[in-house]
Each structure stands twice: as C-alpha cells, then as structure tokens.
Amino acid sequence: MNTASFFFSVHIAFYEVIFLFGTVELYEREKGLKERLKRAFTGDRIITEKVSLPENEYFYRIKVPVHKGKIPEERLKRITASLTDGLIFPEGFKSSVQIKSYSSSYFRDILLFNSAVSRLKKSVLNPAETLITLIDKKGVLHTEIGRLVSFAGELKVITDNRRAYEAQAKRLMEEYGISLFVSDKLSAIPEKGIIISCRSDTVPVYFKGLLITGEKRLLPFARVLTGEGIKIRGCYESLCPAGINLTDFISALCEVCFVKELRSSEYEKLVDISL
C-alpha cells in the first residue's frame, strides 16, 4: 500500500466521512511484526477508494480487514456515521451492530416496467381487447404510463399516489383518447388481463391473466413471468466489487448517483414459472 493510501486510512479513523453510499469489501488482515506495530498506533486500516462517475458523481469502495472471521464493526460504524444512503455489504454478511445499509427505493420498479414493455412489444396483442393494470404503490412510474398505450384499450393503476396519476390520466385522454382508471384500493384489481407489479403479494390469488412481477410467487390460475438477472448499458457492471449483489449496486448508482442511462436497465430475462 502506498503512503497516501495509508495516511488516508488513518485520517478517516478520527474524522467522519461524508459521502453518498459505499460498497464494503473484506480483506484478510496483514500479518507480521511490522503490521502489528502499525495496528498498535492506528488500529486496523479501513481503506477507502473514491470511484468517479459521470456528472461529477461518485461512490466509495471501502475495504475492511477480516481477522478470525470478524471485522472492526464499531469502527466502521463510527467512521461512516454521516453516510447519507448507507453501505452495500457482501451477500451473506450479517453485522452484529447496527450499521446503516443501503435500501433500494424504486429501481426494481423501473427494472420490471422496462422489461414488461419490452416483452409486450414482442407479444401479439389486440389492444381493443387488452386490459393492463399497473400496481405502483409509490407512484414512481407515473411519467412512464404512456408507454403502455399502444398495447391496451384500457389501463388501470393501483397506487397510493393518486394525484400524480390523475394528472397523467388527463393527458392520456387528451393525447390518445384512452381512459386511465386510478385507484388506491387493491380490491380494484381485475380478475383478468395483464398485471405489472414489482411485488406479487399485492395480486389476488383468484387472478386469471398474465402477471409480470419481480418476485417468484405461484398463482393457481395465472401465468406468471418473473425477472432474473440484469441487463444494463455501459461499463458499470465492471465497477461492482466482488461479492456485492449487482442489482443492489446498479440500483444505488441509479437512485443515489443519478446515472441516467441506468434508468433504461432491464431484467436479463423474464422466466415463466407458472404452475
């Protein structure tokens, strides 16, 4: 390790680090007398690397030493206390202290919606006879609803953000002459047609149409397509550290660092898991 890296790793032990999100990589603690003497003065070195992105955005790779299966969790918690969006830990890692972890807000909704639109483009549909229901509780897809117009004669949205979709309903009627039914009641979900829903537990068991979802849940009367993998543009996959869930990482780049081109990401494939 060069002198600058060592200095910075010592520096962050005494000052809070303020950045957006970070990924955690684990490395085996170095052995030997020289390393033990360094740790006596500085403790285990937690190393950070700033990774630059477009639009002057960035994230940090945080390398944390492992010794006998343990990491300096309290120290990691202290130096990342000001982290606004948390850390992405390696898959399977469980912390014994409360350290803020990154949690995706809307990226998986975008991922599923893009995949559903791509699938519908390849399908043979009679729009006049097709009903599409979008379940979007947070209303994060309200600006995208127009992309479904060419596939359906009737559109429904189940959302807690009725105001956003009611504005879209007016636009769709004026521009395309298609009605958009907006409700915040799950009871308004129809028994047939096509449902696009990131969460499958919102779909009633009696549904008899096509469900496109981000979760694996079998329904007795429905055809169920669920997303697997992730297909992205650019070289961002190469930035994901080993052991980190790729979807979580791309989600953070999209939501936290506002990498615009990642909003076009899709699942690698939609798999039919129907009974």
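The values are calculated or read from the model by the stated rules, or taken from the named source; none is laboratory data. Remember, it's a predicted structure, so these values are computed and weren't measured experimentally. We place every Cβ from the backbone using ideal geometry, glycine too, and count neighbours over all the protein chains shown. Accessible surface areas use protein heavy atoms only, side chains included; no ligands, DNA or RNA. Shrake-Rupley method; radii C 1.70, N 1.55, O 1.52, S 1.80 Å.
A few points about this structure:
- Shape category assigned to segment 147-214 from the gyration tensor of Cα positions, a/c cut at 1.5: prolate
- Centre-to-centre separation between the Cα atoms of segment 213-227 and those of segment 247-269: 23 Å.
- Averaged over its residues, the chain has an accessible area of 53 Å² per residue, based on protein heavy atoms and a 1.4 Å probe.
- Here the dipole of the chain is about 700 debye; that uses its Cα centre as origin and unit charges on the Cβ of Lys and Arg (positive) and Asp and Glu (negative).
- In degrees, nearest ten, helix 162-176 long axis to first principal axis of the chain (Cα): 50 degrees
- Were the residues from Glu191 through Cys235 laid out at 0.36 nm apart, the gain over their Cα-Cα distance would be 11.6 nm.
- The distance between label points at Ser95 and Phe258 comes to 2.6 nm (points 7 Å beyond Cα on the Cα→Cβ vector).
- Extension gain for Glu129-Met173 works out to 14.0 nm (0.36 nm per residue, less the C-alpha to C-alpha distance).
- Cα-Cα over 22 Å, subset of Lys137/Lys192; Lys50/Lys77; Lys185/Lys231; Lys122/Lys269; Lys122/Lys231; Lys138/Lys260: Lys185/Lys231
- Cα gyration tensor, segment 161-275 - rounded (a/c under 1.5), prolate or oblate: oblate
- Each of Pro241, Ser96, Gln168 was placed along the dipole of the chain (beta-carbon charges, centred on the mean Cα), and the one lying farthest toward the positive end is Ser96.
- Option label - Cα extents along the principal axes in Å computed here, alternatives [x] 52, 42, 33; [y] 76, 39, 31; [z] 62, 45, 39: [y]
- Close amide H contacts of Leu134 (hydrogens built in the peptide plane, cut-off under 5 Å, sequence separation of 5 or more or a different chain): Lys156, Val157, Ile158, Ile196.
- Portion, in percent, of the accessible area of the chain that falls on carbon or sulfur, probe 1.4 Å: 51 percent
- Diffusion constant of segment 44-150 at 10 °C, which comes from Stokes-Einstein with the Kirkwood Cα-pair radius and 1.306 mPa s, µm²/s: 88 µm²/s
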